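Have a look at the structure below, then the notes.
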Amino acid sequence: MGLVSAACFAEMGNCVLCLGSDEIKIQQLQKSKTPLYEPGLDSILNDNLHAGRLTFGCEFSKISPQCQVFYISVDTPSARDGSADLTELWQAVDEISGQIKQDSFIITASTVPVGTSEKIKSRILEQLEKQGKFFNVDIVANPQFLKEGSAVADFNRPDRIIIGVESDKAKRLMSELYKPFSRSFDKLMFMGIRDAELTKYAANAMLATKISFMNEMANLAEKLEVDIEHVRMGIGADSRIGFSYIYPGCGYGGSFFPHDVKTLINMGAEHGYQANILHAIDDRNELQKHRLFEKLNDQFKGDLAGKTVAVWGLAFKPGIDDLCQAPSLVLIEALLKAGAKVRAYDPVAMDNARDYFSKLNIDDSLITLVDHQYDALKDADAMVLVTEWKPFRQPDFNAMKRLMKNLVIIDGRNQYDPATLKAEGFQYSGIGRTI
Ligand SMILES: NC(=O)C1=CN([C@@H]2O[C@H](COP(=O)(O)OP(=O)(O)OC[C@H]3O[C@@H](n4cnc5c(N)ncnc54)[C@H](O)[C@@H]3O)[C@@H](O)[C@H]2O)C=CC1
Ligand SMILES: O=C(O)[C@H]1O[C@H](OP(=O)(O)OP(=O)(O)OC[C@H]2O[C@@H](n3ccc(=O)[nH]c3=O)[C@H](O)[C@@H]2O)[C@H](O)[C@@H](O)[C@@H]1O
């Protein structure tokens, strides 16, 4: 996220020094090599690196004494107890404290629990005082709403820009910084610092709620012999509900929804509040990730031993190479446990998948990662679509029929028309649909 923000700020003419702790990645970036798959990022990184507006380094001592604006975007992952692990954040804050040479602004773009920005300020002021420095430090909470896979577009064309401030000076700075991203209409929304911190969690939790709610409806629809896709369209057309984030599926993954819902639960618990709705969202999601295995298991009457299952899509969503908390991993683990063999393919996440599975020391004969979607189908007893990449949407059903041993399709993202597949001779099962 920091890389995308830095590149987009530089693209608008700002000079940005990007500091990271991973030396190998920093060296790659200095040579204009993007260490992650993010559409549109390569070209703006390259342009701004060559224009001299973007520089990379690992040493905080490289920060110019003139620098007044510090933008923090380190990771704030889940700790074991469900709270946010702020280790990287405090390290970065301490590094920054050592480099402040005048009145400064500290902008926190990382997703942080409510109250963290205030703690950042206290910690910096304390450290400055120890150094005998008494500068004014203005804190800003500026959570981001970028989606992996469309982060550059999201940064350049945000729906809104949430800014928590404590002073008019900080308000003026942020208005100036975001002016180029707010030209069509005023997208800046100023509020208190704690309000901005909670807005970020509330937005992710609301989207996670929509998904878990639809997954609940889909499971009910199966019991009631209803097609959830009709229900989805029926409710989505109500402008108060809307069509986005109501696609039923095999559960949400990624680094953010699962983590942010848990952190919000944890924040409530710390203040003596039991967040029942959030617990239910999280529970439904964990259970939903098992639905694909349950469907296969039902299909093969509890005997999956020796069966070959093709898996289409490994990333937690299309357009990215990220396997973090992906439903595919839950499915594959359950299949291997049940004695099935897996042949898996993803258009972009294969390197990460090889890396992931090699660390699990699984017998090579049990999981085969193939280079083409149709290779995955060779002699397969079933195919499970887990991630709805575009090439999976309109496959060559005749080729599939030639390759597969058994014509069973489990569609984890409701990409196919049940009647068409039935007519083609497949046994089809989607999420929340009966045929
Ligand atoms: N990735 C995304 O699309 C979005 C992420 N966020 C939030 O932004 C934050 C960052 O997330 P990601 O970019 O995904 O994490 P990331 O792990 O990809 O990037 C964090 C970067 O911080 C660097 N770092 C760690 N400790 C450091 C230190 N002491 N000094 C300097 N650099 C240090 C790491 O080398 C790494 O490059 C999280 O709080 C996340 O919730 C918010 C919106 C979107
Ligand atoms: O906090 C973050 O950093 C980001 O988290 C999410 O972004 P992201 O995790 O990249 O992915 P999404 O595109 O929102 O998808 C998350 C998961 O929900 C699933 N999903 C999404 C929509 C839907 O209708 N159904 C559904 O199951 C996707 O398959 C995926 O597994 C938010 O959408 C961003 O606004 C936010 O900035």
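The values are calculated or read from the model by the stated rules, or taken from the named source; none is laboratory data. Small disclaimer: the values here were computed from a predicted structure and weren't measured. Here the Cβ is made from the backbone with ideal geometry for all residues, glycine too, and neighbour counts use every protein chain on show. Please note that ligands, DNA and RNA were not included when accessible areas were found on the heavy atoms of the full protein model with its side chains. Shrake-Rupley method; radii C 1.70, N 1.55, O 1.52, S 1.80 Å.
Pairwise Cα distances in region 201-287 exceed 15 Å for 59 percent of all pairs. Counting only protein heavy atoms and a probe of 1.4 Å, the accessible surface of the chain is 51% carbon and sulfur.
Selection among 230, 40, 116 by position relative to the dipole of the chain gives 230 as farthest towards the positive end (Cβ unit charges, Cα centre). By DSSP, the beta bridges lying fully in region 341-435 are antiparallel in about 0 percent of cases. For the chain, a Gaussian network of Cα nodes joined below 10 Å ranks 193, 362, 211 by mean-square fluctuation, and the top entry is 362. Extension gain for residue 402 to residue 420 (0.36 nm times residue separation, less C-alpha to C-alpha distance): 4.8 nm. Close amide H partners of residue 84, meaning residues 5 or more places away or on another chain with modelled amide H under 5 Å apart, are 79. Figure legend: label point modelled 7 angstrom from the Cα of residue 226 along Cα→Cβ; residues of region 252-288 with amide N under 20 Å from it are 281, 284-285, 288.
With a Cα-only, solvent-free Debye model of the chain, what are the log10 I(q)/I(0) values at q = 0.06, 0.12 Å⁻¹? Once normalised to I(0) and log-transformed, intensities are -0.30, -1.07.
Summed over all non-identical Cα pairs, the Kirkwood treatment of region 2-191 gives a radius of 17.3 Å. Radius of gyration over Kirkwood radius for region 80-195, both on Cα atoms: the Rg/Rh ratio is 0.99. The relative contact order of region 38-170, computed from alpha carbon pairs under 8 Å that lie at least 6 residues apart in sequence, is 25 percent. Its Cα centre serving as origin, the chain has a Cβ charge dipole (Lys and Arg +1, Asp and Glu -1) of approximately 500 debye. Based on Cα contacts under 8 Å between residues 6+ apart, the chain shows a relative contact order of 12 percent. Computing Rg and the Kirkwood Rh from the Cα coordinates of region 289-429 gives a ratio, Rg/Rh, of 0.93. The residue list 167, 184, 8 was ranked by how far each Cα lies along the charge dipole of region 2-191 toward its positive end, using unit charges on Cβ atoms, and 184 comes out on top.
Can you compute the FRET efficiency between residue 23 and residue 363 using 1/(1 + (r/R0)^6), with r the Cβ-Cβ distance and R0 = 51 Å? Round to the nearest 0.05. With a Förster radius of 51 Å, E is 0.90.
About its Cα centre, the dipole of region 69-223 is roughly 420 debye, where the only charges are +1 on Lys and Arg Cβ and -1 on Asp and Glu Cβ. Can you compute the modelled spin-label distance between residue 150 and residue 245, with each label point 7 Å from Cα toward Cβ, in nm? It works out to 1.3 nm between the two label points. Of the residues 47, 298, 411, ranked by 1.4 Å probe accessible area with the largest first, the sequence reads 298, 47, 411. Computed extension length for residue 83-residue 337: 88.4 nm, one decimal, from 0.36 nm per residue of separation with the Cα-Cα distance subtracted. Annotation: per residue accessible area for the chain equals 48 Å², rounded to a whole number [probe 1.4 Å, protein chains only]. Residue pairs exceeding 20 angstrom between C-alpha atoms, taken from 62/200; 301/341; 33/179; 25/317; 210/337: 62/200; 33/179; 25/317; 210/337.
Grouping the Cα pair distances of region 258-355 into 10 Å bins from zero gives a pair-distance distribution of 15, 36, 29, 17, 5, 0 percent in increasing distance order.
Quickly rank 4-11, 302-309 as a protection proxy: mean count of other C-beta atoms within 10 Å, highest first.
Working: 4-11: 23.1, 302-309: 16.5.
Packing order, densest peptide first, comes out as 4-11, 302-309.
With respect to the chain, whose longest principal axis is taken over its alpha-carbon atoms, helix 257-270 is tilted by about 60°.
Here the Kirkwood formula puts the hydrodynamic radius of region 1-70 at 12.2 Å, using every distinct Cα pair.
Rounded to the nearest 20, the size of the Cβ-charge dipole of region 289-429 about its Cα centre is 340 debye, with Lys and Arg at +1 and Asp and Glu at -1. If you fit an axis through the alpha-carbon atoms of helix 87-97 and take the longest principal axis of the Cα set of the chain, what angle between them do you get, 0 to 90°, nearest 10? Relative to the chain, helix 87-97 is tipped by roughly 20 degrees.
Compared with the dominant Cα axis of the chain, that is its longest principal axis, helix 327-337 is turned about 50°.
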